[in-house]
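Asker: This structure is in C-alpha cells; I'll ask about it shortly.
The values are calculated or read from the model by the stated rules, or taken from the named source; none is laboratory data. Bear in mind the structure is a predicted one, so any value in this text is a computation, not a measurement. Neighbour counts run over all protein chains shown; Cβ positions are idealised from the backbone, glycine included. The protein model used for the area step is the full one, side chains on, heavy atoms only, and it has no ligands, DNA or RNA in it. Shrake-Rupley method; radii C 1.70, N 1.55, O 1.52, S 1.80 Å.
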Amino acid sequence: MAAASGSFRVQRCMVSPAGRHSASLIFLHGSGDSGQGLRTWIKQVLNQDLTFQHIKIIYPTAPPRPYTPIKGGISNVWFDRFKISNDCPEHLESINVMCKVLTDLIDDEVKSGIKKNRILVGGFSMGGCMAMHLVYRNHQDVAGVFALSSFLNKTSAVYQALQESDGVLPELFQCHGTADELVPHSWGEETNSVLKSLRVSTKFHSLPGVYHELSKTELEKLKSWILQKLPGEMEKQNE
C-alpha cells in the first residue's frame with residue numbers, strides 16, 4: 001500500500017475559523033463514510049455547520065481498502081477488522097499504517113504554527129477508535145481526544161501503550177447511545193473504565209435512547225468540551 005511509505009496523503013474537507021486561527025480539530029468519520037459526509041451529517045443534526053471563532057476543523061477521508069466485515073468489499077475505512085467485536089485481535093498492521101498517515105495531518109498543523117497542545121483529535125465510531133490509537137500510542141502531547149459511539153478491543157495496543165506511559169495523558173471525552181445495536185453501549189463503557197484505570201482523565205456520557213448515530217445533545221456537549229480544551233482569546237492576553 002502506498003500509505004506505508006508515508007507518501008500517501010488523505011483527502012480532507014476543512015472548515016476555516018471565523019477569526020484568527022489558533023487551534024485545530026481533526027474529526028474522523030465512521031466506516032464507509034467520508035470527511036464531507038461527516039461534515040454534512042453534523043450540519044443536518046445541528047441545523048448549521050460546526051464552526052468556531054479560532055479553531056480550524058479538518059475532516060479527512062479514509063482511503064478505500066478491502067474491509068473484512070463486508071467480505072473484503074472496498075470501503076472508506078481507517079483500518080481493517082477481523083470482525084466487529086471487542087473480543088478479537090486488532091488488525092494492528094493497518095492501524096499502524098494509518099497512524100503514520102494521520103501523523104502527517106498533525107505535523108501539517110504544527111508546521112503552520114499551531115502548537116501541539118492546541119490540537120484535538122477525535123471521531124465517530126471507527127473514527128473514535130482510530131483517534132484513540134493515534135493519540136494514546138503516538139501523540140500524548142495533544143490537547144485531548146474524543147470518541148463518539150466507539151470502542152477498543154479487550155486486548156488493545158492502546159491499553160498496552162498506556163501501561164508503559166508515565167506522563168500526563170490527554171483527556172478523553174466519550175459519548176455512547178444506550179440503544180446502539182451496532183456497537184453496544186457496554187463496549188463503550190468497558191473501554192472507558194479500562195482507560196480510567198490506566199490514568200486517563202475521562203467522563204463517559206450515556207445518551208438514553210440514542211442508536212448508532214450522532215445526536216444534537218452529544219454534539220452540543222462536545223462543542224462545550226472543545227472550547228474548554230481549546231479556549232480562544234488566550235493569545236490576545238499574551239500579546
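Asker: If you scan the range 180-239, which residues turn out to be surrounded by fewer than 19 Cβ atoms within 10 Å (Cβ to Cβ), modelled with pLDDT of 95 or more and aliphatic (A, V, I, L, M)?
Answerer: Within the range 180-239, Leu182, Val194, Leu198, Leu219, Leu227 qualify.
Asker: Does Lys71 satisfy being within 29 Å of Ser165 (Cβ to Cβ), open to solvent by 30 Å² or more (accessible area, probe 1.4 Å) and of a type in the set (Lys, Arg)?
Answerer: Spelling it out, it is not the case that Lys71 is within 29 Å of Ser165 (Cβ to Cβ), open to solvent by 30 Å² or more (accessible area, probe 1.4 Å) and of a type in the set (Lys, Arg).
Asker: Among the residues of the range 112-155, count how many are farther than 30 Å from Glu181 by Cα and not charged (D, E, K, R).
Answerer: Number of matching residues: 10.
Asker: Next question, about the same structure. Go through the range 19-55 and count every residue that is surrounded by fewer than 19 Cβ atoms within 10 Å (Cβ to Cβ) and small (Gly, Ala, Ser).
Answerer: 4
Asker: Of a type outside the set (Ser, Thr, Tyr) and open to solvent by less than 50 Å² (accessible area, probe 1.4 Å): which single residue out of Asn117, Asn86 fits that description?
Answerer: Answer to the check: Asn86.
Asker: In this structure, does Ala2 turn out to be open to solvent by 80 Å² or more (accessible area, probe 1.4 Å) and modelled with pLDDT under 95?
Answerer: The answer is no for Ala2.
Asker: Just wondering, is there one or more residues in the range 155-177 that are among the polar types (S, T, N, Q), under 19 Å from Val121 (Cα atoms) and buried (at least 16 other Cβ atoms within 10 Å of the Cβ)?
Answerer: Checked the range 155-177: at least one residue is among the polar types (S, T, N, Q), under 19 Å from Val121 (Cα atoms) and buried (at least 16 other Cβ atoms within 10 Å of the Cβ).
Asker: Just one of Arg65, Arg81, Arg137 is assigned to a strand (DSSP E or B) and among the basic types (Lys, Arg); which is it?
Answerer: Among Arg65, Arg81, Arg137, only Arg65 is assigned to a strand (DSSP E or B) and among the basic types (Lys, Arg).
Asker: Name every residue in the range 52-62 that is touching a Phe, Trp or Tyr at 6+ places or on another chain (Cβ under 9 Å) and part of a strand (DSSP E or B), in order of residue number.
Answerer: Ile57, Ile58, Tyr59, Pro60 - these are the residues of the range 52-62 that are touching a Phe, Trp or Tyr at 6+ places or on another chain (Cβ under 9 Å) and part of a strand (DSSP E or B).
Asker: Further question on the same structure: When you scan the range 103-119, do you find a residue that is under 22 Å from Arg65 (Cβ atoms), in contact with a Ser or Thr (Cβ under 6 Å, 6 or more places away or on another chain) and not acidic (Asp, Glu), even just one?
Answerer: No, there is no match, as no residue in the range 103-119 is under 22 Å from Arg65 (Cβ atoms), in contact with a Ser or Thr (Cβ under 6 Å, 6 or more places away or on another chain) and not acidic (Asp, Glu).
Asker: If you don't mind, there's one more thing I want to ask. List the residue pairs whose Cβ atoms are under 7 Å apart, where the first residue sits in the range 154-171 and is touching a residue at least 60 places away in the same chain (Cβ under 8 Å), the second is open to solvent by 20 Å² or more (accessible area, probe 1.4 Å), and the two are 6 or more positions apart or on different chains.
Answerer: Final answer for the pair search is Lys154/Asp87; Thr155/Pro89; Ser156/Glu90; Ala157/Glu90; Ala157/Leu92; Ala157/Arg137.
Asker: Filter the range 9-18 down to the residues that are crowded, with 16+ Cβ neighbours inside 10 Å and within 18 Å of the chain's Cα centre (by Cα), then identify the one that is nearest to Cys129 (Cα to Cα).
Answerer: Per the stated criteria, the residue is Val10.
Asker: What single numbered condition from (1) more than 13 Å from Ala157 (Cβ to Cβ); (2) open to solvent by 40 Å² or more (accessible area, probe 1.4 Å); (3) part of a helix (DSSP H, G or I) fails to hold for Glu93?
Answerer: In the conditions (1) more than 13 Å from Ala157 (Cβ to Cβ); (2) open to solvent by 40 Å² or more (accessible area, probe 1.4 Å); (3) part of a helix (DSSP H, G or I), Glu93 misses (1) alone.
Asker: Considering (1) surrounded by fewer than 16 Cβ atoms within 10 Å (Cβ to Cβ); (2) on the phi < 0 side of the Ramachandran plot, say which one Ile58 fails and leave the rest.
Answerer: With respect to (1) surrounded by fewer than 16 Cβ atoms within 10 Å (Cβ to Cβ); (2) on the phi < 0 side of the Ramachandran plot, Ile58 is out only on (1).
Asker: State which residue pairs qualify: first residue within 15 Å of His29 (Cβ to Cβ) and inside the range 208-226, second residue in a helix (DSSP H, G or I) and open to solvent by 50 Å² or more (accessible area, probe 1.4 Å) in any location, beta carbons under 8 Å apart, and separation of 6 or more residues or different chains.
Answerer: From the range 208-226, the pairs are Leu214/Trp41.
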